[in-house]
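Worksheet: the structure to be examined is printed underneath.
The values are calculated or read from the model by the stated rules, or taken from the named source; none is laboratory data. As the structure is a prediction and not an experimental result, all values here were calculated from the model. Note: ideal-geometry Cβ built from the backbone for every residue, glycine included; neighbour counts use all protein chains shown.
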Amino acid sequence: MSNQTSRKLVNQFGLSRDIPSPIKREVRKRCGFGCVVCGSFTYQYHHYNPPFRTARFHNPEGIILLCSNCHARVTKGLLSNGTVAKAANNPKCLEQGFSHFPLDIGDHFPLIHLGTTTFIGNPTVIKAFGNRLLAIDEPEEIGGPFRISAEFYNRKGHETCRLVENEWQGFSSNWDITGVGEVITVLSASGDIALRLRTISSNNEFLIEKLNMFYRGFRIILNNKGLTTTYLPDGRMWFQLGGATFVGNEAAIVLE
């Protein structure tokens, strides 16, 4: 690494741009896991009070989340410090209860993976007590995208996030939500992963990689080996899925 590059990574006081993980989580939680101005889940960390160039340490109270668009507006002077400060004190995500961003779903039926189990052409992947917990609807108009909707809960039965016709909504009440590349991880506590999902827009695929969910007495656990186990309300194991393929079922998994 050249000295010129090194200078770009630190400010005049030698403070690195790398923010420690615990401080990042504190900032994410305080901002509701999204841009404080518009609520977008795709964000960057922004030192606003004081700005990074004059900061001597990473103060979580002086760092906020801004999406790239809002961040660019701040940099160009199109978004005032007063507006940013007001949004920092009343983040959009906390106001509406969730952060959000649109999924890029194509105009052909998406491929759904629940661990190592694959669902092809299933309008309803999981249905419980008449409620479609994971479902795909056809485009509203010719040439439009297929629409994924879903509800996800943690092991205590609290809803953590949802998909509403291709819009991701991650609730601000969670302990933490992170997004790295194609992967979104929802945590109910440190090390307690309620959901990890991956979207591969290039292949029109939607992958649930880990799940620990409780819904109206039923528990669904997807482990690191890709096996999905469903337990009955009395605690007995009902069925386990792994390596299976469901094709064309109106409702693939039905919990009643």
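Miscellaneous remarks
- Annotation: residue 125 fulfils all but one of (1) part of a helix (DSSP H, G or I); (2) in contact (Cβ under 8 Å) with a residue 24 or more places away in the chain; the unmet one is (1).
- Within the stretch 80-108, if we keep just the residues that are buried (at least 18 other Cβ atoms within 10 Å of the Cβ) and farther than 14 Å from residue 163 by Cβ, the residue that is modelled with the lowest pLDDT turns out to be 84.
- So residue 222, is it among the aliphatic types (A, V, I, L, M), over 23 Å from residue 35 (Cα atoms) and touching a His at 6+ places or on another chain (Cβ under 7 Å): no
- Checked against the criterion of being farther than 21 Å from residue 29 by Cα and of a type in the set (Phe, Trp, Tyr), the stretch 242-253 contains one or more residues that satisfy it.
- Cβ-Cβ distances below 8 Å connect no pair with a first residue in the stretch 68-79 that is surrounded by fewer than 13 Cβ atoms within 10 Å (Cβ to Cβ), a second residue that is part of a helix (DSSP H, G or I) and of a type in the set (D, E, K, R), and a separation of six or more residues or different chains.
- Single unsatisfied condition, residue 65 versus (1) hydrophobic (A, V, I, L, M, F, W, C); (2) at pLDDT below 95; (3) in a strand (DSSP E or B): (2)
- Inclusion of residue 27 among residues that are assigned to a loop (DSSP other than H, G, I, E, B) and surrounded by 17 or more Cβ atoms within 10 Å (Cβ to Cβ) is not warranted.
- Pairs meeting the criteria (first residue in the stretch 139-159 and more than 20 Å from residue 199 (Cβ to Cβ), second residue at pLDDT below 95, beta carbons under 9 Å, at least 6 apart or on different chains) are 142/107; 143/107.
- Total residues in the stretch 11-22, condition at pLDDT 80 or above and over 14 Å from residue 51 (Cβ atoms): 6
- When residue 135 is tested against (1) of a type outside the set (Lys, Arg); (2) within 20 Å of the chain's Cα centre (by Cα); (3) not assigned by TED's automatic domain parsing to the domain that holds residue 189, only condition (3) is not met.
- Note on the stretch 34-59: residues that are of a type outside the set (S, T, N, Q), part of a strand (DSSP E or B) and under 25 Å from the mean Cα position of the chain (by Cα) amount to 4.
- Note on the stretch 196-256: enclosed strands (runs of 3 or more DSSP E) holding 3 or more residues that are assigned by TED's automatic domain parsing to the domain that holds residue 115, in contact with a strand residue (DSSP E or B) (Cβ under 9 Å, 6 or more places away or on another chain) and surrounded by fewer than 17 Cβ atoms within 10 Å (Cβ to Cβ) are 237-241.
- Condition check for residue 54: touching a residue at least 12 places away in the same chain (Cβ under 8 Å) and touching a Ser or Thr at 6+ places or on another chain (Cβ under 7 Å): no
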